[in-house]
Amino acid sequence: MKKIKAYFKKHKFNSVVTELNKISSHGGIGGISSYETLGFGKGKAINVDNTITYETNSLIPSICIEIFCKDEVVDETVKAIQKAAHTGMKGDGKIFITSIVDAIRIRDGKNGEEVL
């Protein structure tokens, strides 16, 4: 199992969810959680007096989604997010993928991929 965490521009949220619903309809994704966030990334490195500094933007509103999915749909899920969130402009976002050791459904105590 994997956890996919993606940050992207707010106006792309509906497009991303639409693409993820297509994958979710044939299984493999346990669901999607989302929340609004504020942040900034690093700008282009600048060499000033032989030191490296970074330009930073003001805090920019974005969306973060978290998805727990089976290993076999990770690539498809990531590609769907990339496709739907892409604008080609600076600040399109980032996707992070981590491994999940186990998952437990509180209601019935079942664990592993069957809880997805």
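A short reminder: the numbers here are calculations on the coordinates, not readings from a lab. Quantities reported herein were computed from a predicted structural model and do not represent experimental measurements. So basically every Cβ, Gly included, is an ideal-geometry build from the backbone, and we count neighbours across all protein chains shown.
One table, with the values for the structure above:
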| item | result |
| --- | --- |
| Acute angle (nearest 10 degrees) that the helix 74-85 long axis makes with the longest principal axis of the chain, alpha-carbon atoms | 50 |
| For the chain, calculated [θ]222 nm from helices alone, where every DSSP H run of n ≥ 4 adds -39500 (n - 2.57) | -6500 deg cm²/dmol |
| Cα-centred dipole magnitude for the chain, charges only on beta-carbon of K, R (+1) and D, E (-1), debye, nearest 20 | 280 |
| Relative contact order (%) - criterion: Cα under 8 Å, at least six apart; region: region 2-115 | 40 |
| Footprinting exposure proxy for Y7, Y35 (fewest neighbouring C-beta atoms within 10 Å first) | Y35, Y7 |
| Residue order, fewest to most surrounding Cβ atoms within 10 angstrom, among L116, L38 | L38, L116 |
| Fewest-first ranking of T18, T77, using other Cβ atoms within 10 Å as the exposure measure | T18, T77 |
| Highest to lowest packing among 63-75, 102-114, scored as the average C-beta count within 10 Å | 63-75, 102-114 |
| Table column - 3J(HN,Hα) (Hz), region 98-111, Karplus curve with 6.51, -1.76, 1.60, x for Gly and Pro | 10, 7, 10, 6, 7, 9, 10, 7, 4, 4, 10, x, 5, 9 |
| Residue (of I32, V101, T87) at the positive-pole extreme of region 2-115, dipole from beta-carbon charges | T87 |
| Folded to 0 to 90 degrees: helix 13-24 orientation relative to the chain principal axis, Cα | 30 |
